[in-house]
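Engineer: Quick one: the structure is below, and I'll ask about it shortly.
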Amino acid sequence: MSSTVAYAVVSKMTIVLTKAEVVSDQKFLNASVRISRYTVEPYFTFDMTFVVLQKINDMSLRVRHFVWLAGTENVFYDVTVDFCNFLKRPTHSILKLVFEEIKKHGPMPTSCPIFPKRAIFSNISLNKARIPPYVPESKFKLVINAWIGSQQVEIYEGRWFGRLKKIVATN
């Protein structure tokens, strides 16, 4: 009697975060991030703390995703959103993908105004984030800027570094 064993090859793209730098305007917001690294999946987790010091009535958010291809930094994704509108109705697929994962780990506001409070997002892993197949395996830098009011006062800048890595497994 012979037996046949079938293996399925499964591949997915995963995010490996290597470094994060955050700067915030201390009159409006205190922000910090801490990364923990592992040698196996999820490879990293991160904790973020935001202390909102003044009521925020409106906020704009710009997210730029840079990838290194052929030794050159290229802008892959660049979007600016009204964050208050985004809270009510998340759009922009890549931004929504990360936002949905982060809000599982802490008290994400659902609308504006955003009132003074401490918000802690703990043990975030982006392993479950479904990365579109057209995103290339590469090193990346994600730059996030937030500003408020008609004067466009910048209250946050985050620079996140890492790589998108294809994981291949058989089962």
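The values are calculated or read from the model by the stated rules, or taken from the named source; none is laboratory data. Since the structure is predicted, the reported quantities are computational estimates derived from the model, not experimental observations. Backbone-built Cβ (ideal geometry, glycine too); neighbour counts: all protein chains shown. The accessibility values were calculated without ligands, DNA or RNA, using every heavy atom of the protein model including side chains. Shrake-Rupley method; radii C 1.70, N 1.55, O 1.52, S 1.80 Å.
Engineer: Mind listing just one residue for me: the one in region 125-170 that is of a type in the set (Phe, Trp, Tyr) and closer than 22 Å to Lys19 by Cβ and, of those, surrounded by the fewest Cβ atoms within 10 Å (Cβ to Cβ)?
Structural biologist: Once the filter is applied, the top-ranked residue is Phe161.
Engineer: Can you tell me which residue is modelled with the highest pLDDT among those in region 101-110 that are crowded, with 17+ Cβ neighbours inside 10 Å and not in a loop (DSSP other than H, G, I, E, B)?
Structural biologist: His105
Engineer: Where the second residue is among the β-branched types (Val, Ile, Thr) and surrounded by 15 or more Cβ atoms within 10 Å (Cβ to Cβ) and the first is without any contact (Cβ under 8 Å) to a residue 60 or more places away in the chain and lies in region 127-141, which pairs have Cβ atoms under 8 Å and are six or more apart or on separate chains?
Structural biologist: Between residues of region 127-141 that are without any contact (Cβ under 8 Å) to a residue 60 or more places away in the chain and residues that are among the β-branched types (Val, Ile, Thr) and surrounded by 15 or more Cβ atoms within 10 Å (Cβ to Cβ), the close pairs are Pro132/Ile94.
Engineer: Working carefully through the options Val79, Val75, Val98, Val22, find the one that is assigned to a strand (DSSP E or B), surrounded by 17 or more Cβ atoms within 10 Å (Cβ to Cβ) and under 18 Å from the mean Cα position of the chain (by Cα).
Structural biologist: Answer to the check: Val22.
Engineer: Thr45: in contact (Cβ under 8 Å) with a residue 40 or more places away in the chain, open to solvent by less than 30 Å² (accessible area, probe 1.4 Å) and either hydroxyl-bearing (Ser, Thr, Tyr) or touching a Pro at 6+ places or on another chain (Cβ under 7 Å) (or both), yes or no?
Structural biologist: yes
Engineer: Can you tell me how many residues in region 111-155 are part of a strand (DSSP E or B) and within 30 Å of Glu73 (Cβ to Cβ)?
Structural biologist: Residues flagged as part of a strand (DSSP E or B) and within 30 Å of Glu73 (Cβ to Cβ) within region 111-155 amount to 16.
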